[in-house]
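Please read the structure below before turning to the comments.
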Amino acid sequence: MNALRNPIRLIPLLFLGAIAIGTVLLSLPIATADGTRAPLMTALFTATSAVAVTGLIVQDTPTYWSGFGQVAIMAMFQIGGLGIMTAATLFGLIAGRGFGLRDRMATHVERSRLNLISAPSVIRMILGITITVELTVAIMLTLRFATHWNMSWGQAAWHGLFQSVSAFNNAGFSTFSDSLMSFQGDWLILVPIGLSVIFSALGFPVMEDWREHGWRWRQWTLHSKMTLAGTLLLLIGGFAAILGMEWSNPGTLGPMGWGEKLLNAAFHSVMPRTAGFNSLDLGAMREETLVVNNVLMFIGGGSAGTAGGIKITTFMVLLAIVLAEILSRRDAGMFGRRFGHAIERQALTVASIALLLVLCATMFISSVTPLAFEDILFEAISAFSTVGLSTGITAQLPPSALFVLVMLMFVGRVGTITAATALALGSSERRYRYPEENPIVG
């Protein structure tokens, strides 16, 4: 029972419990379209992907799973996304318990009203935003599916709701076999989904700042400023790179008019950030474009939200450290604030562990399958960053490789939260320091 009182241990256990329940549900004959039991690895992989809001699949969602199975999958990524957002936000607050008075005062300024006292308000905000955005996007998609794509109102409502919940939770699951490739020319389908993904990937601390301070930028916390600046940087950079590299590619943007090229390049610059939908054939993309996707997936979205990856603020801290070193500055920081050494070390630790996990998984999968290394690396980063994009190799992987991806999805979703919190709670000041001596670097 003492283990359950420790949030660092409790959250992984809760997610494991959710995955176990999801696996059991998807193993029932009623969960498949043909009424047979799904293999254990198929059920486990799909349940993990749903609870971890990833979107990688080994079986086609609309054809393999029955209505019951699809509803179960949607419930899993709704619970997974909502639970992750709540846990991540509250974990950031709980971490403040381990700080001294001076550190508490500093973090109180940075976190504004996001403290333990306001936890009920934070949870109400999370629930309110989730319901509002999901219903709004679902209604927009339902109307479009029914009026333009000649679906019955029942079909349109189901497709609209599933895509909306999947988008807001950055899950990437779709009730269409080709994801959103059939709608690559429809602005009224891609734009609402893309905006929902961007909004939810910012994280709730940013939304709390916006609720409290509106558009008064100077009153926003450093975290929110860094998240928005990093998001804008990655969206614009990803859009320009994808548009330029795929402009003449006959398998992706090549046959499209300029309007559709702009739309799909913009849409796909959003999706690798953790959502997992695709309107373009990833298997037909150029290798250099896949490298750009790898970078976007690895970075991910904002903290305390539905996004995966090492998170934007981690990337921005690392970028600031590099720039400070290049410019021979004593301190690294942004927007008139400097970072503490503890934050810099946490960012380096999170990024290093993530990189190590991805490389180890990639090497293992390469040893048990003859598939191309770049496709395996793409798959591993997608799993760890809970993105769900794939070049189409998931179903070809042997059980051992699938199990490695299951572990990556779990660690990528739960591990980043618990690791960051453990680092914050475990930070302490030694009463002594060793003599300084600098090794040769570079």
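The values are calculated or read from the model by the stated rules, or taken from the named source; none is laboratory data. Since the model is a prediction, treat every value here as computed from it, not as a measurement. Virtual Cβ from ideal backbone geometry, glycine too; neighbours counted across all protein chains shown. Just the protein is used for accessible areas: all its heavy atoms, side chains included, with ligands, DNA and RNA removed. Shrake-Rupley method; radii C 1.70, N 1.55, O 1.52, S 1.80 Å.
Taking every eigenvalue of the Cα gyration tensor of the chain, multiplying by 5 and rooting it, what semi-axes result, largest first, whole Å?
Values for the chain, descending: 34, 25, 24 Å.
Just to be sure I understand the model, the point goes 7 Å from the Cα along the line to the Cβ. What's the resulting Leu195 to Phe373 distance in nm?
4.4
How much mean residue ellipticity at 222 nm does the chain get from its helices, if each DSSP H run of length 4 or more adds -39500 (n - 2.57) and you divide by all residues, to the nearest 500 deg cm²/dmol?
The per-residue figure over the chain is -21000 deg cm²/dmol.
Compute the helix-to-body angle for 287-299: its Cα long axis versus the longest principal axis of the chain, expressed 0 to 90° and rounded to tens.
With both axes taken from Cα atoms, the answer is about 50 degrees.
Restricting to Cα atoms and excluding each atom paired with itself, what does the Kirkwood estimate give for region 286-345 in Å?
Over region 286-345, the inverse of the mean reciprocal pair distance is 12.9 Å.
So what is the diffusion coefficient of region 182-234 in µm² per second by Stokes-Einstein at 37 °C and 0.692 mPa s, using a Kirkwood Rh over Cα pairs?
265
List the chymotrypsin sites (Phe, Trp or Tyr not before Pro) within region 198-288 that fall in a DSSP loop (any state other than H, G, I, E or B) and whose Cβ has at most 14 other Cβ atoms within 10 Å.
When the chymotrypsin sites (Phe, Trp or Tyr not before Pro) of region 198-288 are filtered for loop state and at most 14 Cβ neighbours within 10 Å, Trp215, Trp247 remain.
For Ser328 and Thr132, calculate 0.36 nm times their separation in residues minus their Cα-Cα distance, and state this gained length in nm to one decimal.
Value of the extension gain: 65.8 nm.
Mind checking the per residue accessible area of the chain for me, 1.4 Å probe, whole number of Å²?
Here the per-residue accessible area is 47 Å².
Based on the alpha carbons, how large is the Rg to Rh ratio for region 159-267 when Rh follows Kirkwood?
1.04
On full extension of the chain, what length is gained from Glu288 through Val71, given 0.36 nm per residue of separation minus the C-alpha to C-alpha distance?
So the chain would gain 74.4 nm between Glu288 and Val71.
I'd like the projected area of region 152-205, averaged over all directions, using the convex hull of its alpha carbons. Report it in nm² with one decimal.
Averaging across all directions leaves 3.9 nm² for the Cα convex hull.
Enumerate the calculated ³J(HN,Hα) couplings along region 225-242 in order (Karplus 6.51 cos²θ - 1.76 cosθ + 1.60, θ = phi - 60°), each rounded to whole Hz, writing x wherever the residue is Gly or Pro.
Once θ is set to phi - 60°, the couplings for region 225-242 become 4, 5, 5, 5, 5, x, 4, 4, 4, 6, 5, 5, x, x, 4, 5, 5, 5 Hz.
Evaluate the distance, in nm, between pseudo-label points positioned 7 Å from the Cα of Glu437 and of Leu233 along their respective Cα→Cβ axes.
Result: 3.7 nm between the two label points.
So how much slack lies between Phe403 and Arg338, counting 0.36 nm per residue of separation and subtracting their Cα-Cα distance, in nm?
Computed gain between Phe403 and Arg338 is 19.2 nm.
What's the longest uninterrupted piece of the chain once you rule out the trypsin sites (Lys or Arg not before Pro) that are loop residues per DSSP with at most 15 other Cβ within 10 Å?
114-215
Tell me the angle of helix 187-201 to the major Cα principal axis of the chain, expressed in degrees between 0 and 90 and rounded to the nearest ten.
Taking Cα atoms only, the helix is inclined about 30 degrees.
With every atom except the alpha carbons ignored, what do you get for Rg and Dmax of region 278-422, in angstroms?
Rg then Dmax for region 278-422, in Å: 16.6, 51.
How much of the accessible area of the chain, in percent, comes from carbon and sulfur atoms when a 1.4 Å probe is used?
In the chain, the share of accessible area belonging to carbon and sulfur is 66 percent.
Please list, by residue number, everything in region 171-210 whose backbone N is under 14 Å from a paramagnetic label point 7 Å out along Cα→Cβ of Leu262.
Inside the label zone: 187.
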